[in-house]
1. Could you tell me whether the range C:263-275 includes any residue that is in contact with a Phe, Trp or Tyr (Cβ under 8 Å, 6 or more places away or on another chain), within 11 Å of chain A (Cβ to nearest Cβ) and closer than 23 Å to A:G218 by Cα?
2. Given (1) hydrophobic (A, V, I, L, M, F, W, C); (2) touching a helix residue (DSSP H, G or I) at 6+ places or on another chain (Cβ under 7 Å); (3) within 14 Å of chain C (Cβ to nearest Cβ), where does A:I81 come up short, assuming only one miss?
3. Hey, could you check the range B:213-223 for residues that are in contact with a Gly (Cβ under 7 Å, 6 or more places away or on another chain) and either closer than 20 Å to A:V14 by Cβ or at pLDDT 90 or above (or both) and say which is farthest from the other protein chains (Cβ to nearest Cβ)?
4. Return a yes/no flag: does the range A:121-144 have any residue that is β-branched (V, I, T), touching a Phe, Trp or Tyr at 6+ places or on another chain (Cβ under 9 Å) and touching a residue at least 40 places away in the same chain (Cβ under 8 Å).
5. Considering only residues of the range B:261-278 that are β-branched (V, I, T) and crowded, with 19+ Cβ neighbours inside 10 Å, which is farthest from the chain's Cα centre (by Cα)?
6. I'm checking my understanding of the structure. Among residues of the range A:125-165 that are part of a helix (DSSP H, G or I), over 28 Å from A:A205 (Cα atoms) and more than 23 Å from the chain's Cα centre (by Cα), which one is modelled with the lowest pLDDT?
7. Taking the criterion of being assigned to a helix (DSSP H, G or I), surrounded by 15 or more Cβ atoms within 10 Å (Cβ to Cβ) and at pLDDT 90 or above, would at least one residue in the range B:283-305 satisfy it?
Amino acid sequence: MELSFFSSILFATVVAGTPLIIVALGELVTEKSGVLNLGAEGIMSVGAVAAFATAHHTGSPTLGILAGMGAGMLMSLLFGISALTLMANQVASGLALSIFGVGLSAFIGKPYESIALASVTPIRIPLLSKIPLLGPSLFEQQGLVYFSWALIAAVAWFLYRSRAGLVLRAVGESPVAAHSIGYGVVRIRYQAVLFGGAMAGIGGAFLSVFYTPMWVEGMVAGRGWIALSLVVFATWRPMRVMIGAYLFGGCMITQMFVQGSGARISIPAQFLSSLPYVATILVLVLISRNRSTIRINSPASLGQPFLPDA
Amino acid sequence: MNHRKLALASLAGAALLAATGLMAAEPVKVGFVYVSPVGDAGWTFQHDLGRKQMEAAMKGAVTTKFIENVPEGADAERIIRQLAQDGNQIIFTTSFGYMNQTEKVSKAFPNVTFFHATGYKTGKNFGIYNARFYEGRYLNGVIAGKMTKTNVAGYVAAFPIPEVMQGINAFTRGMKSVNPKAEVRVIWVNSWFDPGKEREAAMTLISQGADMITHHTDSTAVVQAAEEKHKEKGTWSFSYHSDMTKYGPTTQLSGTTHIWGDFYTKTVKEVLDKKWTGTNLWGGLKDGMIKLAPINPAVPADVKKTVEKLEGDIKAGKFHPFAGPVVDQDGKERVAKGMNMTDAEMGAMNYYVQGVASTLPKK
Amino acid sequence: MWLKFEPRPEPSRVMTYLSPLLAVGLMFLSGLILFLILGKSPVEGFKVFFMNPLRDSYGVAELLLKATPLMLCAVGLSVGFKANVWNIGAEGQLLIGALAGGWLALRFEGSHSPFLLPAMILAGALGGMLWAAIPAFLRTRFNANEILTSLMLVYVAELMVSWLVHGPWKDPDGFNFPQTKLFSAAATLPILLTGTRVNAALLFALVALVVGWVFMNRSFMGYQMKVAGQAEFAGRYAGFSAKRSVWIGMLAGGAMAGVAGISEVAGPIGQITEHISPGYGFAAMIVAFVGRLSPIGILFSSLLMALLYMGGEQAQQYLNLPSSISKVFQGMLLFFLLGSDVFINFRPRLVRRRK
């Protein structure tokens, strides 16, 4: 089916936004429990290489996703030991994880460099994919795209409708109070960190198994950091994560389309490439201006170590 | 044989060999510096094929060593220097960004011979080499012009340096020579190697109507993208650097493949025989430094014939891809009718020829 | 039994000094294990990685050369980190510093003035400060998180360098290749030791360490910064802080990163290209933490980090390992340090598990 100009942009935007949504939602849950994990870039890198290697050897993209998820959880466990058990500075622990992860992934990924993986056929959703204009770009996508949408609903439901989510938020708001009424703060935070790691791992897997599909050193290319900024951008609201991710993806894609249209514009490509980053800064500024929204939505204990029995 | 005798014997041997002009007493060490991992395809992969070919051809006379993924910054100087210090007699540095570093080290090691790919500085023990990739590009363009249904070709490019500009312009001229309605659209991805972006750019071009896709970036992503979209869009591709048939088995129409092995063998021999007197080699189809990737059976026989004839003409010097008149995008005549573009003019190419639809980013 | 950490009545001084050594020890140990896993002789691996880089005086000089930008960036960052100002965009500030200083070198190409070089260094510092002032301003005026804004600006700075060397600043005689002209002798930092690449930037770095020490330990402002850093962190991430410490922290980091940038282009590189820094601005964060945010610590940790970089190159050349092994070591080092630090404020004790 012939995709129109608009549909093509939409299609590509959704694809570019998907890993950001998945990773940002994981980080959102982690932060809601009061833990700031800046290691997303490193976790994604390791997740990407683990997923690629698994998919390459087994031929199964699904196993690849699972491997990426597992690797992501292992990586975030490292962070948990450092920041939760040993109560180290969370910012520094996250940075360490980022650098370590990027290095480690390059290291493990060495033998897989420049091997190509067969691309995975998208899943077409009957009926919905027939909707004019929107159908082919939204409903003929990879499974993980649908997963990202389900994840938004699931995370929103979990945080605001479930009891466990209430407890998690309570831990993020006031760990001392949560502890005093008998919740295992460190345990709950560990779970949140592991969930964040799992999602970042899946995000990495999406890049290496579905998006490119290929493994190269440095292929995450800052997407982990962008996912982190999306959480603030979204003021810790799951739905807004999606808006932010597609906005960012849209920025990236549109500049390509402008170039590819053969239109005679003579703006340096570097200016266009920098648009998504500038846009992120601008939106961050717009959102953060209103201190009260930030204060109401951001978990009060974010970044603070918690010491049981202190 | 005791040690002394052994030493004496080898001394005598060396003298003998030196006298006969053969330097093969002990294998000579040859070092290579690569900008990216060798991988499975691309710029560095082709250089490494060349290295292996040379080593096999000079069996026993040389041993080779390569260091991959060397960043083009200040650190490269240390690595090149170390190769020289470790006794490598000939050192090839295979990326433009090593030029000044190689030059500096070459001055510190006058007895070592250095070669730098794609640069423009030379010295007494410092040669340069490059290939006329544009010749292959022109022929690719001819095939594209004959095969296209939409009359649009898409070109994923890294940076507007002359080598890339020559490629785009030669491809465009080839395409327009057989199909006046054809146009070429370019997307700059600002990176030599970023499969994600390359693929994104290829997909963008395809969805905007390009059915002939090629690239001047280092991964196989573009050829893969064409393979994937072939059924839906009838997309075909042309590979660059390596033959990427493996990645586009049905849709790669042809390509421009780099061949360094013969050059490496010849050059190393010359240096060992002390016949080397400085190289500024810019070799093309004629010298075997590039060749066309296999032409896809989907290409009709008459087109194939046209291309083969042109290839012969280029080799024989009867045809030049930038034979005048060369008119740039703004209508300015760059080469007059009856003239061929000189190497110096090609080296400074910073404009699009007519037929490229995009405009160059402003300076 | 259950391992439990009990708070110490006051931080242990002994552990403050012991913990970095413990971290380095653990890093060596894991390195040996890593070499074993990779099927390399650990002794050989250790030799190649940690000893080879320093086998001759040239190697030592290269170590100093490599440590210089790390030292500069880290000492600047440490001022901010002390006050919980998380400038993680030093890489971008370094690049803008290189551009600002480099612009002077290109603009006054034929000049032999002895003032050119000092002016370039100053311009480098100002350029870095300017780039750091953006997140500082957005933070103090609009409450935007500096971690994220400073990082986004790294990408913008990289693209700006790319645009300039491909466009307006391209060497007109350089066959369109993405690089500026080589800087003239008057615009190049003097070499300190002939036959090596160690240049005057090392002196800047040492001076910066001394100034940093005096500022943090002997000035009232430095004292205020430290106090600000002990205040609650959570509020900071979400947006409340003394504006002044944000400004001072960001600008100090920017200035030093800028000097590091101009020192690289006016030093070992000698021109502006797209490959000014292999990530010094990011690595400097590890240097700052491992150096305990103190100038003396930074002196040692920058040398150690430089050694890890060079060790990676050696491992690549002689052990056939990817050079990214450097990053694995660097990440491990920081992890171990953060882990070991628990002993400063806590005492480990085995306790019976509670029902």
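The values are calculated or read from the model by the stated rules, or taken from the named source; none is laboratory data. Predicted model, so just to flag it, every value in this text is computed and none were measured. Quick reminder, even Gly has a Cβ in these numbers, built from the backbone with ideal geometry, and neighbours come from all protein chains shown.
1. Within the range C:263-275 (the criterion being in contact with a Phe, Trp or Tyr (Cβ under 8 Å, 6 or more places away or on another chain), within 11 Å of chain A (Cβ to nearest Cβ) and closer than 23 Å to A:G218 by Cα), the answer is no, since none of the residues qualifies.
2. (2)
3. Pass one, the range B:213-223, residues in contact with a Gly (Cβ under 7 Å, 6 or more places away or on another chain): B:213, B:216, B:218-219, B:223.
Applying the additional criterion that residues be either closer than 20 Å to A:V14 by Cβ or at pLDDT 90 or above (or both) yields B:213, B:216, B:223.
Working: B:I213: 11, B:H216: 14, B:V223: 9 Å.
Only one residue fits best here, namely B:H216.
4. Step one: list which residues in the range A:121-144 are β-branched (V, I, T), which gives A:121, A:123, A:125, A:131.
Adding the requirement that they be touching a Phe, Trp or Tyr at 6+ places or on another chain (Cβ under 9 Å) leaves A:123, A:125, A:131.
So of that shortlist, the ones also touching a residue at least 40 places away in the same chain (Cβ under 8 Å) come out as none.
No, there is no match, as no residue in the range A:121-144 is β-branched (V, I, T), touching a Phe, Trp or Tyr at 6+ places or on another chain (Cβ under 9 Å) and touching a residue at least 40 places away in the same chain (Cβ under 8 Å).
5. Within the range B:261-278, the first condition is being β-branched (V, I, T), and the residues that meet it are B:265, B:267-268, B:271, B:277.
Restricting the remaining residues to those that are crowded, with 19+ Cβ neighbours inside 10 Å gives B:267-268, B:271.
Values: B:T267: 17, B:V268: 19, B:V271: 22 Å.
Ranking the qualifying residues of the range B:261-278, first place goes to B:V271.
6. Only one residue fits best here, namely A:K130.
7. Taking the range B:283-305 as the starting set, the residues that turn out to be assigned to a helix (DSSP H, G or I) are B:301-305.
Subsequent filtering for residues that are surrounded by 15 or more Cβ atoms within 10 Å (Cβ to Cβ) retains B:303-304.
Restricting the remaining residues to those that are at pLDDT 90 or above gives B:303-304.
Checking the range B:283-305: at least one residue is assigned to a helix (DSSP H, G or I), surrounded by 15 or more Cβ atoms within 10 Å (Cβ to Cβ) and at pLDDT 90 or above.
For every residue, the table says whether it meets (1) among the polar types (S, T, N, Q); (2) closer than 30 Å to A:S274 by Cβ; (3) assigned to a helix (DSSP H, G or I).
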{"residue": "A:V167", "(1), (2), (3)": "no, no, yes"}
{"residue": "A:A198", "(1), (2), (3)": "no, no, yes"}
{"residue": "A:I202", "(1), (2), (3)": "no, yes, yes"}
{"residue": "A:V220", "(1), (2), (3)": "no, yes, no"}
{"residue": "A:I226", "(1), (2), (3)": "no, yes, yes"}
{"residue": "A:I243", "(1), (2), (3)": "no, yes, yes"}
{"residue": "A:M252", "(1), (2), (3)": "no, yes, yes"}
